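Enquirer: Can you read through this structure? Questions will come right after.
The values are calculated or read from the model by the stated rules, or taken from the named source; none is laboratory data. Just so it is clear, the structure is predicted and the values come from calculations on it, not from any experiment. Note: ideal-geometry Cβ built from the backbone for every residue, glycine included; neighbour counts use all protein chains shown.
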Amino acid sequence: MSFTTNLEDLIHVRERVQTELAGRKHRIHVCVAAGCLSSGSADVLAALKKTIQERGLESTCLVKGVGCMGPCAGGPLVCIEPEGIYYAQVQPSDAEEIVEKLDREPVARLQMSTDEPFFTRQKKIVLENCGRIDPEEIDDYIAAKGYHALYKTLATMTPSEVIAEVVKSGLRGRGGAGYPTGLKWTTVAKTGKQQKYVICNADEGDPGAFMDRSILESDPHRVLEGMAIAAYAVGADQGYIYIRAEYPLAIERLRKAIKQAEQGTFLGKNIMGTTFSFHVELRLGAGAYVCGEETALIASIEGGRGTPRPRPPYPAESGLFGRSTLINNVETLANIAPIIRYGGEWYSQIGTAQSKGTKVFALAGKVKNTGLIEVPMGATLKEIIFDIGGGIPDGKKLKAVQTGGPTGGCIPEDKIDMPVDYESLAQVGSIMGSGGMIVIDETSSMVDVARYFMEFSVSESCGKCVPCRVGTSQMHDILSRVLKGEATEHDLAILEELCDVIKNTSLCGLGQSAPNPVLSTLRYFRKEYESYLRPAEQAAANNHGGVQ
């Protein structure tokens, strides 16, 4: 990686990489994100490199590790470029046959059809580089127009012009709340000249969610570029990435990316030869779900216990160390470079009237094609589950889909024609969240599903406020009694009352949204709850009652 100070340097790197690739007849990409690595893709990569070397094909065939390709259930995944041939469940023993057939018919028993909706119905903006570039090589990122948006920002735009493009784009925070990103940036910028901070919230902790982890493992420079642009726009010179320690691969690649970016003058002092300086450090979280809440995250970075505090003041006014602080999550920041590169107007044409752009989802549960997907806002649940997801396996029927993580809602099968955007999800009692999407089939008990997520909220409550600390525990107890056949209608009434109290009196978003799985399942699957209930007289005779 050479010292980079201007657009000509970026173009030179890009042309050099493209020239090197043009001299190769084939490029074999092997997924080395966490999902495929856990399936043995490192051995597949080594076997393919060895085979190419033994056959003397290094000059015409390049083998390299790349980030997440998307269809994670098929790992280890291999892609042959420029043909665009995808292989699934590849083993090291398949290397000889794959190389043997590079100029012939593909290996049919391994091949995935790229004509399927999983590939054709997505629109990739955040994930555009994932599965295409080596996440540990900055030159690969530059060749994919990486850091071009940062150069454009520093060379041709004022901070207010950068913010104007973000406002025009209509981008909303992808961490869950959907707060307008441009408005948040504007608020921080208006606090005047002072020490300011930019924080990337990478404390992803939803069960079944792996969006942020995959982005950081696959395209870490994309997030660093977004942070640098944000810092320039709001007037910050120090940034932190708060990431949970359970993501060792993402941490390793982020550290390497930060070092490379500093060497290339994309981070650090006098970025790209300008007067703008911005430093980025990592802070590792211990796995507390509540630290995804921004004030708890700030407390943790400061060295304190990760518990939330009342707002206002908001972090934009008084955040890290009492200073103005901008906090965006991984996916939000990964949208910034393309918005600056192509313009806010371009981005605003994608999605719906109030929910612009695309959304990355971790599609999991009882669906054939589990994995990482990106679709325009407004795509329907039906399209996501039955087209991209391939439907429900083993001939089972769809019962519900849970969106928004452990504090999201469960949406019944008869509402899957609804568009997926912030407003529509709120209307049916769910949330967008950070992008977890769990498909539930007819074999599951929705009461058991509600109890599972409530158990998560109980264990992850920081305990600072009584409604969340005590109320979630009481709700879990009632749900357990329902499943044991020991509850009555009176218990359901108490359960609904607890939902209302916890939702409206908890200190932070964890407690405020913890009742969502219970409220939504009571709303759409009440008969299932009632099927477990005992008559009040029988329950009284057995000394079982509700929470008094």
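Enquirer: Of everything in region 24-52 that's of a type outside the set (A, V, I, L, M) and within 17 Å of SER93 (Cβ to Cβ), which residue is surrounded by the most Cβ atoms within 10 Å (Cβ to Cβ)?
Expert: CYS36
Enquirer: Does region 295-307 contain at least one residue that is under 30 Å from VAL375 (Cβ atoms) and either of a type in the set (A, V, I, L, M, F, W, C) or part of a loop (DSSP other than H, G, I, E, B) (or both)?
Expert: The answer is yes; a qualifying residue exists.
Enquirer: May I ask you to list pairs of residues, at least six apart or on different chains, whose Cβ atoms are under 8 Å apart, with the first in region 54-73 being free of Cβ contacts under 8 Å to residues at least 12 places away in the same chain and on the phi < 0 side of the Ramachandran plot and the second being hydrophobic (A, V, I, L, M, F, W, C) and part of a helix (DSSP H, G or I)?
Expert: Once the first residue is free of Cβ contacts under 8 Å to residues at least 12 places away in the same chain and on the phi < 0 side of the Ramachandran plot and sits in region 54-73, its partners that are hydrophobic (A, V, I, L, M, F, W, C) and part of a helix (DSSP H, G or I) give GLU58/ILE52.
Enquirer: Still on this structure: Quick check on region 125-137. Is at least one of its residues outside any loop (DSSP other than H, G, I, E, B) and either in contact with a strand residue (DSSP E or B) (Cβ under 9 Å, 6 or more places away or on another chain) or in contact (Cβ under 8 Å) with a residue 40 or more places away in the chain (or both)?
Expert: Checking region 125-137: not a single residue is outside any loop (DSSP other than H, G, I, E, B) and either in contact with a strand residue (DSSP E or B) (Cβ under 9 Å, 6 or more places away or on another chain) or in contact (Cβ under 8 Å) with a residue 40 or more places away in the chain (or both).
Enquirer: Against the condition out of contact with any helix residue (DSSP H, G or I) (no Cβ under 7 Å at 6 or more places or on another chain) and not hydroxyl-bearing (Ser, Thr, Tyr), how does LYS259 come out, does it pass?
Expert: So LYS259 fits the description; yes.
Enquirer: Among (1) in a loop (DSSP other than H, G, I, E, B); (2) at pLDDT below 90; (3) closer than 30 Å to GLY304 by Cα, where does LEU507 come up short?
Expert: Just one mismatch for LEU507, condition (2).
Enquirer: Take the residues of region 348-359 that are touching a residue at least 12 places away in the same chain (Cβ under 8 Å) and surrounded by fewer than 20 Cβ atoms within 10 Å (Cβ to Cβ): which is farthest from CYS200 (Cα to Cα)?
Expert: Only one residue fits best here, namely THR352.
Enquirer: A further question on this structure: Give me a count of the residues in region 205-234 that are closer than 20 Å to ILE258 by Cα and not in a helix (DSSP H, G or I).
Expert: 1
Table: residues versus (1) touching an Asp or Glu at 6+ places or on another chain (Cβ under 9 Å); (2) at pLDDT below 95; (3) not assigned by TED's automatic domain parsing to the domain that holds GLU294.
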| site | (1), (2), (3) |
| --- | --- |
| SER430 | no, yes, yes |
| SER457 | no, yes, yes |
| SER461 | no, yes, yes |
| ASP477 | no, no, yes |
| LEU483 | yes, no, yes |
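Enquirer: Shifting gears a bit: Do we have GLU345 as surrounded by fewer than 21 Cβ atoms within 10 Å (Cβ to Cβ) and under 30 Å from TYR232 (Cα atoms) here?
Expert: yes
Enquirer: Next up: If I ask for residues that are assigned to a helix (DSSP H, G or I) and free of Cβ contacts under 8 Å to residues at least 24 places away in the same chain, which ones from region 179-204 would you list?
Expert: GLY182, LEU183, THR186
Enquirer: Okay, next question. How many residues does region 25-69 hold that are farther than 16 Å from ILE98 by Cα, outside any helix (DSSP H, G or I) and aliphatic (A, V, I, L, M)?
Expert: 4
Enquirer: Would you mind finding the one in LYS168, LYS124, LYS190, LYS152 that is surrounded by fewer than 18 Cβ atoms within 10 Å (Cβ to Cβ), farther than 24 Å from ALA73 by Cα and within 24 Å of the chain's Cα centre (by Cα)?
Expert: LYS168
Enquirer: Another one. (1) buried (at least 18 other Cβ atoms within 10 Å of the Cβ); (2) in contact (Cβ under 8 Å) with a residue 40 or more places away in the chain: which one isn't true of VAL401, the others all being true?
Expert: Among (1) buried (at least 18 other Cβ atoms within 10 Å of the Cβ); (2) in contact (Cβ under 8 Å) with a residue 40 or more places away in the chain, VAL401 violates only (2).
Enquirer: Between a residue in region 292-310 that is in the same structural domain as GLN238 (by TED's automatic domain parsing) and closer than 14 Å to GLY322 by Cβ and any residue that is part of a loop (DSSP other than H, G, I, E, B) and at pLDDT 90 or above, which pairs come within a Cβ distance under 7 Å, given they are 6 or more apart or on different chains?
Expert: Final answer for the pair search is THR295/PRO308; THR295/ARG309; THR295/PRO315; ILE298/PRO315; ILE298/GLY319; ALA299/ARG305; ALA299/GLY306; ALA299/THR307.
Enquirer: Here's something else I'd like to know. Report, ordered by the first and then the second residue, all pairs with beta carbons closer than 8 Å, sequence separation of six or more or different chains, a first member in region 223-252 that is among the charged types (D, E, K, R), and a second member that is outside any loop (DSSP other than H, G, I, E, B) and surrounded by fewer than 20 Cβ atoms within 10 Å (Cβ to Cβ).
Expert: Once the first residue is among the charged types (D, E, K, R) and sits in region 223-252, its partners that are outside any loop (DSSP other than H, G, I, E, B) and surrounded by fewer than 20 Cβ atoms within 10 Å (Cβ to Cβ) give ASP237/HIS279; ARG244/LEU284.
Enquirer: Then there's this: Restricting the search to region 320-331, which residues are buried (at least 24 other Cβ atoms within 10 Å of the Cβ) and not in a strand (DSSP E or B)?
Expert: If the condition is that a residue be buried (at least 24 other Cβ atoms within 10 Å of the Cβ) and not in a strand (DSSP E or B), then SER324, VAL330, GLU331 are the ones that fit.
Enquirer: Also, quick follow-up: Given (1) in contact (Cβ under 8 Å) with a residue 40 or more places away in the chain; (2) surrounded by fewer than 24 Cβ atoms within 10 Å (Cβ to Cβ), identify the lone condition not met by GLY391.
Expert: Status for GLY391: all satisfied but (1).
Enquirer: Now for a separate question. Would it be correct to say that GLY405 is within 25 Å of the chain's Cα centre (by Cα) and either of a type in the set (D, E, K, R) or farther than 20 Å from LEU507 by Cα (or both)?
Expert: no
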